[in-house]
Amino acid sequence: MSEAGKSNQLVQEYQLDAPPEKVWRAISIAEYRQAWLPNGVLAVAEPVASDPGKSIHYRLRDDAPPYLESDVTFLIAPDDAGGTLLTIVHRLNEQHLPAANDDGITLMLAA
């Protein structure tokens, strides 16, 4: 895959039957959010940014080395049926990760 074809983000969309106000509470109020996104995976317990009723942005951190950080943004929008379109954008902050089996040693082999 070429560099132009690589992406450091994953975008998921979900059509929910719940109204936007209910979805907003589930993603923005810590007591509700912890049921599916616990504080232990957050780099910071509070949101990094928020546009009330529309979007909220959290910073995540892996719990194992190399402790990569990523950003996740939740976007909510009402749909025509009274439900909600929830878009989740998960973006890895580190774009140039070494392969898991790359110890940095280059070997020269004789032909």
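The values are calculated or read from the model by the stated rules, or taken from the named source; none is laboratory data. Bear in mind that the values here come from a model prediction, so they are computed numbers and not experimental data. Neighbour counts are summed over all protein chains in view; Cβ atoms, including those assigned to glycine, are modelled from backbone coordinates with ideal geometry. Surface areas here come from the heavy atoms of the whole protein model, side chains and all, with no ligands, DNA or RNA. Shrake-Rupley method; radii C 1.70, N 1.55, O 1.52, S 1.80 Å.
If you go through segment 27-55 and keep only what is assigned to a strand (DSSP E or B) and either within 15 Å of Leu92 (Cα to Cα) or within 11 Å of the chain's Cα centre (by Cα) (or both), you end up with just Leu42. Is it true that Tyr58 is within 17 Å of Val89 (Cβ to Cβ), in a strand (DSSP E or B), open to solvent by 60 Å² or more (accessible area, probe 1.4 Å) and of a type outside the set (Asp, Glu)? Considered against the rule, which asks whether it is within 17 Å of Val89 (Cβ to Cβ), in a strand (DSSP E or B), open to solvent by 60 Å² or more (accessible area, probe 1.4 Å) and of a type outside the set (Asp, Glu), Tyr58 comes out as no. The selection criterion, being at pLDDT below 95 and either of a type outside the set (Asp, Glu) or open to solvent by less than 60 Å² (accessible area, probe 1.4 Å) (or both), holds for Val41. Could you look through segment 70-97, keep only residues that are assigned to a loop (DSSP other than H, G, I, E, B) and surrounded by 10 or more Cβ atoms within 10 Å (Cβ to Cβ), and pick out the one that is modelled with the highest pLDDT? So, considering only residues that are assigned to a loop (DSSP other than H, G, I, E, B) and surrounded by 10 or more Cβ atoms within 10 Å (Cβ to Cβ), the one modelled with the highest pLDDT is Gly83.
A quick yes/no check of all residues on (1) out of contact with any strand residue (DSSP E or B) (no Cβ under 6 Å at 6 or more places or on another chain); (2) surrounded by 10 or more Cβ atoms within 10 Å (Cβ to Cβ):
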residue	(1), (2)
Gln12	no, no
Asp17	yes, yes
Arg33	yes, yes
Ser50	no, yes
Asp62	yes, yes
